[in-house]
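Trainee: The structure is given below, and queries will be raised subsequently.
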Amino acid sequence: MAYQDPTPCGLNASPEEIAAIVRRYRTVAVVGLSADPKRPSYQVASYLQSQGYRIIPINPNCQEVLGEKCYASLPEVPEPVEVVDIFRQTEAIPGIVEEAIAVGAKVVWMQLGLEHPPAAARARAAGLQVVMNRCLKIEHANL
(Lines give C-alpha, C1' and ligand atoms only; values in the text may rest on other atoms or scores of the structure.)
Protein backbone atom coordinates (compact mmCIF):
# COMPACT_ATOMS: atom_id res chain seq x y z
CA MET A 1 0.00 0.00 0.00
CA ALA A 2 1.31 3.47 -0.89
CA TYR A 3 2.00 6.08 1.74
CA GLN A 4 -1.05 8.16 2.65
CA ASP A 5 -0.34 11.67 3.91
CA PRO A 6 -2.24 12.00 7.22
CA THR A 7 -2.76 15.72 6.64
CA PRO A 8 -5.67 16.76 4.44
CA CYS A 9 -3.59 18.90 2.10
CA GLY A 10 -1.00 16.42 0.84
CA LEU A 11 1.93 18.73 1.66
CA ASN A 12 3.49 16.66 4.44
CA ALA A 13 6.86 15.01 4.01
CA SER A 14 6.79 11.26 3.45
CA PRO A 15 8.11 8.90 6.14
CA GLU A 16 11.31 8.51 4.09
CA GLU A 17 11.73 12.27 3.82
CA ILE A 18 11.13 12.67 7.55
CA ALA A 19 13.77 10.05 8.36
CA ALA A 20 16.23 11.83 6.05
CA ILE A 21 15.49 15.19 7.72
CA VAL A 22 16.06 13.75 11.19
CA ARG A 23 19.36 12.17 10.12
CA ARG A 24 20.70 15.05 8.03
CA TYR A 25 19.95 18.28 9.85
CA ARG A 26 21.41 18.97 13.30
CA THR A 27 20.64 22.64 14.02
CA VAL A 28 17.10 23.15 15.29
CA ALA A 29 15.51 26.47 16.21
CA VAL A 30 12.67 25.66 18.59
CA VAL A 31 10.06 28.41 18.28
CA GLY A 32 8.09 28.67 21.49
CA LEU A 33 10.62 26.76 23.60
CA SER A 34 9.54 27.03 27.23
CA ALA A 35 11.89 27.13 30.21
CA ASP A 36 9.40 24.92 32.09
CA PRO A 37 10.66 21.30 32.14
CA LYS A 38 7.04 20.08 32.24
CA ARG A 39 6.22 21.60 28.85
CA PRO A 40 6.44 19.45 25.70
CA SER A 41 8.68 21.99 23.94
CA TYR A 42 11.26 21.71 26.73
CA GLN A 43 11.07 17.91 26.79
CA VAL A 44 11.53 17.63 23.02
CA ALA A 45 14.39 20.15 22.92
CA SER A 46 16.11 18.55 25.91
CA TYR A 47 15.93 15.14 24.28
CA LEU A 48 17.26 16.45 20.97
CA GLN A 49 20.09 18.26 22.74
CA SER A 50 21.00 15.02 24.54
CA GLN A 51 21.19 13.35 21.13
CA GLY A 52 23.73 15.86 19.81
CA TYR A 53 21.45 18.39 18.10
CA ARG A 54 22.27 22.10 18.33
CA ILE A 55 19.20 23.71 19.93
CA ILE A 56 18.46 27.40 19.42
CA PRO A 57 15.64 28.62 21.68
CA ILE A 58 13.21 31.15 20.21
CA ASN A 59 11.16 32.80 22.96
CA PRO A 60 11.00 36.56 23.60
CA ASN A 61 10.15 35.93 27.25
CA CYS A 62 13.31 34.00 28.16
CA GLN A 63 17.00 34.85 28.36
CA GLU A 64 18.25 31.26 28.31
CA VAL A 65 16.84 27.74 28.04
CA LEU A 66 18.81 24.49 28.26
CA GLY A 67 22.00 26.49 28.65
CA GLU A 68 21.45 28.23 25.30
CA LYS A 69 20.84 31.93 24.67
CA CYS A 70 17.23 32.68 23.72
CA TYR A 71 16.32 34.85 20.77
CA ALA A 72 13.07 36.75 20.36
CA SER A 73 12.64 35.72 16.71
CA LEU A 74 14.35 33.73 13.97
CA PRO A 75 15.91 36.78 12.23
CA GLU A 76 17.86 37.54 15.43
CA VAL A 77 19.71 34.20 15.32
CA PRO A 78 23.32 34.90 14.25
CA GLU A 79 23.98 31.44 12.78
CA PRO A 80 22.39 29.25 10.11
CA VAL A 81 19.19 27.44 11.07
CA GLU A 82 18.34 24.15 9.40
CA VAL A 83 15.08 23.07 11.04
CA VAL A 84 12.45 25.40 12.48
CA ASP A 85 10.48 23.35 15.02
CA ILE A 86 7.21 25.14 15.86
CA PHE A 87 5.52 24.96 19.27
CA ARG A 88 3.17 27.93 18.87
CA GLN A 89 -0.52 28.55 18.25
CA THR A 90 -1.73 27.83 14.73
CA GLU A 91 -2.34 31.54 14.08
CA ALA A 92 1.37 32.25 14.54
CA ILE A 93 2.52 29.70 11.95
CA PRO A 94 2.33 31.88 8.79
CA GLY A 95 4.61 34.52 10.31
CA ILE A 96 7.05 31.88 11.54
CA VAL A 97 7.12 30.30 8.08
CA GLU A 98 7.92 33.69 6.53
CA GLU A 99 10.79 34.11 9.01
CA ALA A 100 12.01 30.57 8.26
CA ILE A 101 12.06 31.37 4.55
CA ALA A 102 13.85 34.68 5.18
CA VAL A 103 16.64 33.08 7.24
CA GLY A 104 17.21 30.27 4.75
CA ALA A 105 15.96 27.36 6.85
CA LYS A 106 15.72 23.99 5.13
CA VAL A 107 12.72 22.56 7.01
CA VAL A 108 9.59 23.83 8.73
CA TRP A 109 8.42 21.31 11.33
CA MET A 110 5.00 21.75 12.95
CA GLN A 111 4.71 19.70 16.13
CA LEU A 112 1.91 17.29 17.02
CA GLY A 113 -1.49 18.92 16.68
CA LEU A 114 -0.22 21.69 14.41
CA GLU A 115 -1.15 22.00 10.75
CA HIS A 116 -1.41 25.04 8.51
CA PRO A 117 -1.86 24.05 4.85
CA PRO A 118 -1.54 27.59 3.38
CA ALA A 119 1.70 28.19 5.31
CA ALA A 120 2.92 24.72 4.34
CA ALA A 121 2.22 25.49 0.68
CA ARG A 122 4.12 28.78 1.01
CA ALA A 123 7.10 27.00 2.59
CA ARG A 124 7.09 24.31 -0.12
CA ALA A 125 6.90 26.96 -2.85
CA ALA A 126 9.97 28.60 -1.31
CA GLY A 127 11.88 25.30 -1.42
CA LEU A 128 11.58 24.21 2.22
CA GLN A 129 10.59 20.74 3.31
CA VAL A 130 7.47 20.62 5.47
CA VAL A 131 6.48 18.32 8.30
CA MET A 132 3.11 18.81 10.00
CA ASN A 133 1.48 17.16 13.00
CA ARG A 134 4.55 15.08 13.88
CA CYS A 135 6.96 15.14 16.82
CA LEU A 136 10.67 15.44 16.11
CA LYS A 137 11.51 13.59 19.33
CA ILE A 138 9.25 10.66 18.43
CA GLU A 139 10.53 10.52 14.86
CA HIS A 140 14.14 10.51 16.09
CA ALA A 141 13.46 7.85 18.72
CA ASN A 142 11.78 5.62 16.10
CA LEU A 143 14.73 5.62 13.67
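Trainee: Taking into account only those residues within the stretch 125-139 that are farther than 18 Å from Val81 by Cβ and touching a Leu at 6+ places or on another chain (Cβ under 7 Å), which is surrounded by the fewest Cβ atoms within 10 Å (Cβ to Cβ)? Steps first, please.
Mentor: Initial filter on the stretch 125-139 (farther than 18 Å from Val81 by Cβ): 125, 132-135, 137-139.
Next, from what is left, pick out any that are touching a Leu at 6+ places or on another chain (Cβ under 7 Å): 132-135, 137.
On the way: Met132: 26, Asn133: 13, Arg134: 19, Cys135: 19, Lys137: 20.
By that ranking, first place goes to Asn133.
Trainee: Please state which of the following conditions Thr90 fails to meet, knowing it meets all the rest: (1) under 14 Å from the mean Cα position of the chain (by Cα); (2) more than 15 Å from Leu136 (Cα to Cα); (3) surrounded by 16 or more Cβ atoms within 10 Å (Cβ to Cβ).
Mentor: Thr90 satisfies every listed condition except (3).
Trainee: Among the residues in the stretch 12-33, are any within 26 Å of Gly104 (Cβ to Cβ), modelled with pLDDT under 95 and crowded, with 16+ Cβ neighbours inside 10 Å?
Mentor: yes
Trainee: What number of residues within the stretch 17-44 satisfy the criterion of being part of a helix (DSSP H, G or I), more than 16 Å from Gln129 (Cβ to Cβ) and either in contact with a Gly (Cβ under 7 Å, 6 or more places away or on another chain) or free of Cβ contacts under 8 Å to residues at least 24 places away in the same chain (or both)? So that I can check it myself, show each step before the final result.
Mentor: Initial filter on the stretch 17-44 (part of a helix (DSSP H, G or I)): 17-24, 40-44.
Filter once more, so that each one left must be more than 16 Å from Gln129 (Cβ to Cβ): 40-44.
Then keep just the ones that are either in contact with a Gly (Cβ under 7 Å, 6 or more places away or on another chain) or free of Cβ contacts under 8 Å to residues at least 24 places away in the same chain (or both); that gives 41.
Total satisfying the criteria: 1.
The values are calculated or read from the model by the stated rules, or taken from the named source; none is laboratory data. From a predicted model like this one, the values you see are computed outputs, not experimental measurements. Note: ideal-geometry Cβ built from the backbone for every residue, glycine included; neighbour counts use all protein chains shown.
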